[in-house]
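K.L.:
Structure incoming, see below.
The values are calculated or read from the model by the stated rules, or taken from the named source; none is laboratory data. Not measured: the values here are computed from a predicted model. Cβ: placed from backbone, ideal geometry, glycine included. Neighbour counts: every protein chain shown. Calculation scope for accessible area: heavy atoms of the full protein, side chains included, ligands and nucleic acids excluded. Shrake-Rupley method; radii C 1.70, N 1.55, O 1.52, S 1.80 Å.
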Amino acid sequence: MPSERFHNAWIDAAIEQAENSWSQGGIPIGSVLARADSGEIVARGHNERVQSGDPTAHAEVSCIRHAGRRRDWAELTLTSTLSPCCMCSGTALLFRIPRVVIGENRTFLGAEEWMRSQGVELTVLDDPRCVALMERLIREKPDLWAEDIGE
């Protein structure tokens, strides 16, 4: 099981990705994929739906795309600033990523129960910075938020 020190480094990197997306006019959700044993980040991504026009370009999917072809998925941990939706959870399950670290699930509760039922170990950090990112999006761009969560 990854240490809390790794969790902190990973969520910091995911928040940096989320802020990058926000600065580009996008949705402030970020993700990283890292080795559970060493803490090394192997891929980073952020929500690119607005920037690319691709409705599937969620942060976790973008991050996994950036990881490229690999065979060590079972040794990795996916970290996201927001609870992963069913698409992103399904992508993690498809590649058998065994651990997901979630920045927050107050503003949106994704498919956490489904991931748990499939044996994925979840850690919810309830990080106030992640909550603040989403609250700002909801407050400043409510239509974009509604679009992103499928309302």
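K.L.:
Each label point is 7 Å from the Cα along the Cα-to-Cβ direction; what then is the distance between the points at residue 71 and residue 8, in nm?
P.N.:
3.6 nm
K.L.:
If the elastic network links every pair of Cα atoms under 10 Å, which of 80, 117, 21 fluctuates the most in the Gaussian network model of the chain?
P.N.:
The residue that fluctuates most here is 117.
K.L.:
At a 1.4 Å probe radius, carbon and sulfur cover how many percent of the accessible area of region 29-125?
P.N.:
Within region 29-125, the accessible surface is 50 percent carbon and sulfur.
K.L.:
Give me the Debye-computed log₁₀ of I(q)/I(0) at q = 0.08, 0.12, 0.16 Å⁻¹ for the chain, equal point scatterers on Cα only, no solvent, two decimals.
P.N.:
Cα-only, vacuum Debye calculation for the chain: -0.18, -0.42, -0.76.
K.L.:
Something else about it: If r is the Cβ-Cβ distance from residue 24 to residue 87 and R0 is 22 Å, what FRET efficiency results, to the nearest 0.05?
P.N.:
It comes to 0.55.
K.L.:
Run lengths n ≥ 4 of DSSP H only: what is the helix-derived mean residue ellipticity at 222 nm for the chain, with -39500 (n - 2.57) per run over all residues, to the nearest 500?
P.N.:
After summing the helix terms and dividing by the residues of the chain, the value is -13000 deg cm²/dmol.
K.L.:
Treating the angle as unsigned and between 0 and 90°, give the value, to the nearest 10°, between the Cα long axis of helix 128-140 and the longest Cα principal axis of the chain.
P.N.:
The helix 128-140 is inclined about 30 degrees to the chain.
K.L.:
Something else about it: Roughly how many debye, to the nearest 20, is the charge dipole of region 1-66 about its Cα centre, given +1 on each Lys and Arg Cβ, -1 on each Asp and Glu Cβ, and no other charges?
P.N.:
In debye, rounded to 20, region 1-66 gives about 120.
K.L.:
Let me ask another. Using a 1.4 angstrom probe, figure out how much accessible area region 62-151 has per residue, in square angstrom, rounded to the nearest whole.
P.N.:
53 Å²
K.L.:
Next question, about the same structure. Once ligands and nucleic acids are excluded and a 1.4 Å probe is used, how much of residue 56 is accessible, expressed in Å² to the nearest 10?
P.N.:
Estimated to the nearest 10 Å², residue 56 gives 50 Å².
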